[in-house]
Amino acid sequence: MNMIRRFMGCIREYKKPTILTLLCMVGEVAIEVLIPFFTANLVNEIKGGAELGGVVRVGLGLILMSLVSLGCGALGGLFGSRASAGFAKNVRHDVFTRVQSFAFENIDKFSSASLVTRMTTDINNVQMSFMMCIRIAVRAPLMFLFAVIMAYIMGGALATTFLIIIPVLVIGLLLIARKAMPAFRAVFRKYDKLNESVEENVRAMRVVKGFAREEYEKKKFAAASHNIAERVVALNAPLMQFCVYFNMIFVLFVGSKLIVTNGGTTIDVGQLSAMLTYGMQILMSLMMISMIYVMMTMSYESFVRIREVLEEEPALTNPASPATDVKDGSIDFENVSFKYSAQAKKFALQDINLHIDSGMTVGILGGTGSSKSTLVQLIPRLYDTTEGCVKVGGRDVREYDLEALRGAVSVVLQKNVLFSGTIKDNLRWGNENAT
């Protein structure tokens, strides 16, 4: 329930189209279920030799009902698309805003590939599930309930034939969904690895081509992207077709026999045609309910992954009364020890004591992996020390406002980064008003 409330808050300004979608779905289902009832009456009137004027009136009524049902469906699709797209926009905005507040420690916890997956694939799944909740999750149960009621009103004893086929379809769909659920969970765990593989190959394309390893990378990616879940869910279609055609044959056989035997006193041709339509509506609604079940199973994993990002607390925060003035450029490391993870067995830096006067030039030398970059990253407080403290301008960096501190500490990164845009945009990225 907490998770539902958390995501319901993302609807925000799209409450109106969400409610209108629900109302449109109710209207569409109600009219669709009534159409076979009036169609059956029309068939019986024609069979009984009704006048042309009466047939025309009923026919025009059916056309009007069809148009209203079509309008409700179209408006439901329009409002549902607006609501789900707006919902996804708000979720994506909240996730991106949250990620912008993360420290390097938080980024390391999730990995950049995982965060990209959560903001694309996972949010797309959440958007699809929201669309299904406000449309199909309303339409399917109502269609099933109304169609069953009307089938018993129209067919009486003949409606008991549904008791044979419905359990077969329900059990089959539940078995398929149950088989697909673990497979989908495994697939979601692969998405991060897939994105990571793509990111690595694009970034290291020269290396891959230089060593002629394209085929190896293709095979590795194909193995990682193998998805058994979709093959399992594909069984839904043949099972559905079997149940639909079996139901049609069974209803036609039993209904025709009753008409011939009782001379139409128990059931007539119009009622038989309505029973076929209601049977199709019942089975289709069960099919939609099963797909909702599978989709919600898929989306649950996405909801959990997105919630993890939204509920992650930034590792670095401003103090209650932060200092904004950096007095000078002096730097002090006092008994500093640091490790990237609390579970790490060894420190990346240990017992560092260092004083650098303002204006002094200092070279930090060491082999690859000797934590030179780690030491520098502690100065603008990209990470917090595990033990000891780092001071800039004679004050502990944890006492500064983060923006003020990092504005006073200039860092030239080891790897070049160009953002999308012009060269001028990139030159002004640090100061948009630069001359």
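The values are calculated or read from the model by the stated rules, or taken from the named source; none is laboratory data. Keep in mind the model is a prediction, meaning the values are calculated, not measured. Here the Cβ is made from the backbone with ideal geometry for all residues, glycine too, and neighbour counts use every protein chain on show. What goes into the accessible areas is simple: the full protein's heavy atoms, side chains included, and nothing from ligands, DNA or RNA. Shrake-Rupley method; radii C 1.70, N 1.55, O 1.52, S 1.80 Å.
Just a few scattered comments:
- Distant-in-sequence amide H partners of Ser337 (H built 1.01 Å from N, under 5 Å): Asp351, Ile352, Thr386, Glu387, Gly388
- Out of every Cα-Cα pair that the chain contains, those further apart than 37 angstrom amount to 50 percent.
- The label-point distance for Ile19 and Lys89, in a model that sets each label 7 Å from Cα toward Cβ, rounds to 2.0 nm.
- The alpha carbon centroids of the range 59-99 and the range 421-435 are separated by 41 Å.
- Taking Cα centre as origin and charging only the Cβ of basic (Lys, Arg, +1) and acidic (Asp, Glu, -1) residues, the dipole magnitude of the chain rounds to 940 debye.
- Extending 7 Å from Cα along the Cβ direction at Thr361 and again at Ala74 yields two label points whose distance is 7.5 nm.
- Contact order normalised by residue count of the chain, Cα under 8 Å, 6+ apart, percent: 19 percent
- For the listed residue pairs Lys219/Lys339; Lys209/Lys372; Lys218/Lys339; Lys209/Lys415, the alpha carbons are over 29 angstrom apart in Lys219/Lys339; Lys209/Lys372; Lys218/Lys339.
- Rounded accessible area of Phe338 (nearest 10 Å², 1.4 Å probe): 10 Å²
- Computed FRET value (nearest 0.05) for Ile63 with Ile4, which takes r as the C-beta separation and R₀ as 45 Å: 0.60
- Between helix 123-134 and the chain: long-axis angle, C-alpha atoms, 0 to 90°, nearest 10: 30 degrees
- Adding -39500 (n - 2.57) for every DSSP H run of four residues or longer, then dividing by how many residues the chain holds, sets the calculated 222 nm ellipticity at -22000 deg cm²/dmol.
- Nitroxide proxy distance, nm - points 7 Å out along Cα→Cβ at Val168 and Ile153: 2.9 nm
- A full extension of the chain between Tyr340 and Lys327 corresponds to an added length of 1.7 nm, given 0.36 nm per residue minus the alpha carbon distance.
- Solvent-accessible surface of the chain, averaged per residue with a 1.4 angstrom probe and all protein chains in place: 58 square angstrom.
- Here the calculated FRET efficiency for Phe250 and Tyr216, from their Cβ-Cβ distance with R0 = 56 Å, stands at 0.50, rounded to the nearest 0.05.
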